[in-house]
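What follows is one structure encoded as structure tokens, with my remarks underneath.
The values are calculated or read from the model by the stated rules, or taken from the named source; none is laboratory data. Since we're looking at a predicted model, the values are computed, not measured. Every residue, glycine as well, gets a Cβ built from its backbone with ideal geometry; the counts of neighbours run over all protein chains shown.
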Amino acid sequence: MSEIEVRLKKVIVKNSRKEILDNEIADNSSLTADFGVDSLQMIEMIVDIESEFDITIDDEDTEMDVLTKYGPLKELIIKKISQKQ
Amino acid sequence: MERKRNKHKLYGGRQDMLIKDILIMHKDNCKVAIKYLNTETTYRQLYSLSRAKAELLKEKKIHSNNIGIFLPNSIQYAVAYFTISFLEKVIVPIGIQAKKAEITSTAEYCELSVIITDTQYMEILTTYFEGFKYKVVVFNMDDNCFYEIGMEELAITEEHNNCVENKTAIMLHTSGTTSNPKRVMLTHKNLVTNVLSNIKSLKLTKHDKVLIALPMFFGYCNTAQFLTHIYIGALIVIMDGMFMPNKFFRMVQDERITNFTGVPSMLLTLLNYRNKYKYDIYSLRYICFGGGNMPIEKLKLLLSAFPSVGFVQTYGQTEASPRVTALLPEYALSKIGSVGRPIPNVNVRIVNQNGSDVGIGEMGEIIVQGENVMKGYYKNAEETLKVIKDGWLYTGDLAVYDNEGYIYLVGRKKNMIISGGINIYPEEIEELLMCHPSVKEVCIVGEEQELLGETPIAKIVLRDDESGVSEGELKNYCMDNLANYKVPSRVEFVKEIPKTATGKIKRY
């Protein structure tokens, strides 16, 4: 598991209503259906992700398919970090 | 000419209407009624579609009085809602977040013989109802197909009324332990009265455009947003998926939204949103909010961040259809922290424990009277008698008046926790946790949380300290059986739970 994944999973575990382990989070995991993240937690999670990775998630990034699935969310963060460098 | 006269009469306030009449008024109206994602429906289409679905369901010869809706916010939800109204049955919305036990107990308690859904939710329903002993027909609105589950017919409770407008139109869920559920019965008259009061209070017209982001089955949204705007022939725009601040600003700008209703947590996300000034929101006349505590300092920040928007602080209760008071924008600063004064056709008093009116600045319980007050809790006369006395609804909310009659909430008599605008009843979570083999005693209390206002936490005494059950296991147990928002955010293991002399849990 890459360092980005470890840090991202830590943020997800913190914001999930369900008690989950890092290894339960897979690319096709739905943060809403599988881990009970609701709308307000999602907003808090975005804030946490932004500060954890020092990136900005733009409005156009917040399309629900991207944010609610672990795989696409991870890809988005990797893209944002590489754009920053 | 005749039609115009009738319409005028209705706008003036005919309270003997039925819910279906609200749509019938607009049956020839070709204006768009509801927009959702890339689809829209005119009033005429909404009417025709609901009538057609009602005809289909009529053929099934439904013996129950009550019909469930298991759909997310959508045009389909509105069609299902009016379909049931045209059948002159009672609407029983079920939140799509509900878990198996919550849905099946609702179906059994509310005697649902039919539940309306769509293809997406069909699978969930059929899975949840697998092995359910009672006969339930699930109607898929997408393909007009019926699926029958179970065998045994449910015993039906007959409703006795002397006039149709006093018939129950909708049953909304409030607190819900499985052993003592409280389903609020709102009549046609209750709803229409509150709709008319809203229109008068906020001076809404057919030119208004409302944005709906709250669940449509919430009392707050059902009357103050959905029915109110259908009544005046305005445009309803439904937000898809989760509430996100960027989506809110974009939709207000693109659709030229004139009013919105939300809970404090939603408004706080608008305040914290970094691009809030990027959008043109000058069309927005009102943001109504209620359902939880709004810190005064945050409200001041909102008023100064969005000076063109009129903020309306409201107070209500599902049992009152729901709106009771409103603080209009012109008093937002001078009476900041107040929930305002009663809206038209609603009487409010603040009384002490003896039932006498309190003086200015003295704390008492808010009691409410008017045609908006519910008929009662379904099949629960005992609980109804506890809250409706001599025609007054005892809200359980504590408040004070100022010298101009403005009301300020100061607390609650009930144990209720309000999290993100949603009412959570500790007893429901406690009842579930008590079924866990490792739990000996449990007490659920609300803990302050900046964005949500409050969040439930569980204090638990284990049967056996050596049982090894973890916080995570207990949270997941709740997650499997309760809607997500009811799951305690943390579990504290304690040696004992303080009790009163009579053995009741001391919550605070």
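Values as computed for the structure displayed
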{"read-out": "Residue that is nearest to the chain's Cα centre (by Cα), among those in segment B:26-39 that are in contact (Cβ under 8 Å) with a residue 12 or more places away in the chain, closer than 15 Å to B:Q76 by Cα and loosely packed, with under 15 Cβ neighbours inside 10 Å", "value": "B:L37"}
{"read-out": "B:L462 vs. criteria out of contact with any Gly (no Cβ under 8 Å at 6 or more places or on another chain) and either within 30 Å of B:A326 (Cβ to Cβ) or not assigned by TED's automatic domain parsing to the domain that holds B:I336 (or both)", "value": "yes"}
{"read-out": "Residues (within 12 Å of B:A399 (Cβ to Cβ), among the aliphatic types (A, V, I, L, M) and buried (at least 20 other Cβ atoms within 10 Å of the Cβ)) located in segment B:354-373", "value": "B:I366, B:I367, B:V368"}
{"read-out": "Lone qualifier among B:V195, B:V210 - being under 25 Å from B:N29 (Cα atoms), more than 14 Å from chain A (Cβ to nearest Cβ) and under 16 Å from the mean Cα position of the chain (by Cα)", "value": "B:V195"}
{"read-out": "Restricting segment B:439-463 to residues that are charged (D, E, K, R) and within 13 Å of chain A (Cβ to nearest Cβ), the residue that is nearest to B:S489 (Cα to Cα)", "value": "B:E454"}
{"read-out": "Check on B:Y273, within 13 Å of chain A (Cβ to nearest Cβ), crowded, with 16+ Cβ neighbours inside 10 Å, more than 20 Å from the chain's Cα centre (by Cα) and over 22 Å from B:Q449 (Cβ atoms)", "value": "no"}
{"read-out": "Selected residue (criterion: farthest from B:I422 (Cα to Cα)) from residues of segment B:480-505 that are at pLDDT below 90 and of a type in the set (V, I, T)", "value": "B:T502"}
{"read-out": "Those residues of segment B:215-251 which are touching a Phe, Trp or Tyr at 6+ places or on another chain (Cβ under 6 Å) and either of a type in the set (G, A, S) or within 14 Å of chain A (Cβ to nearest Cβ) (or both), in sequence order", "value": "B:P245, B:F249"}
{"read-out": "Residue ID - farthest from the other protein chains (Cβ to nearest Cβ), chosen from residues in segment A:1-22 that are charged (D, E, K, R), farther than 19 Å from B:M242 by Cβ and outside any loop (DSSP other than H, G, I, E, B)", "value": "A:E3"}
{"read-out": "Candidates A:I55, A:I78, A:I49, filtered to the one that is touching a residue at least 12 places away in the same chain (Cβ under 8 Å), surrounded by fewer than 18 Cβ atoms within 10 Å (Cβ to Cβ), in a helix (DSSP H, G or I) and in contact with a helix residue (DSSP H, G or I) (Cβ under 8 Å, 6 or more places away or on another chain)", "value": "A:I78"}
{"read-out": "Residue in segment B:464-480 that is aliphatic (A, V, I, L, M) and away from chain A (no Cβ under 13 Å) present", "value": "no"}
{"read-out": "Residue in segment B:415-426 that is within 14 Å of another protein chain (Cβ to nearest Cβ) and in contact with a His (Cβ under 7 Å, 6 or more places away or on another chain) present", "value": "no"}
{"read-out": "Counted residues, segment B:458-482 - those being under 16 Å from A:G36 (Cβ atoms) and part of a strand (DSSP E or B)", "value": "1"}
{"read-out": "Per-region count, segment A:23-37, residues touching a helix residue (DSSP H, G or I) at 6+ places or on another chain (Cβ under 6 Å), charged (D, E, K, R) and within 13 Å of chain B (Cβ to nearest Cβ)", "value": "0"}
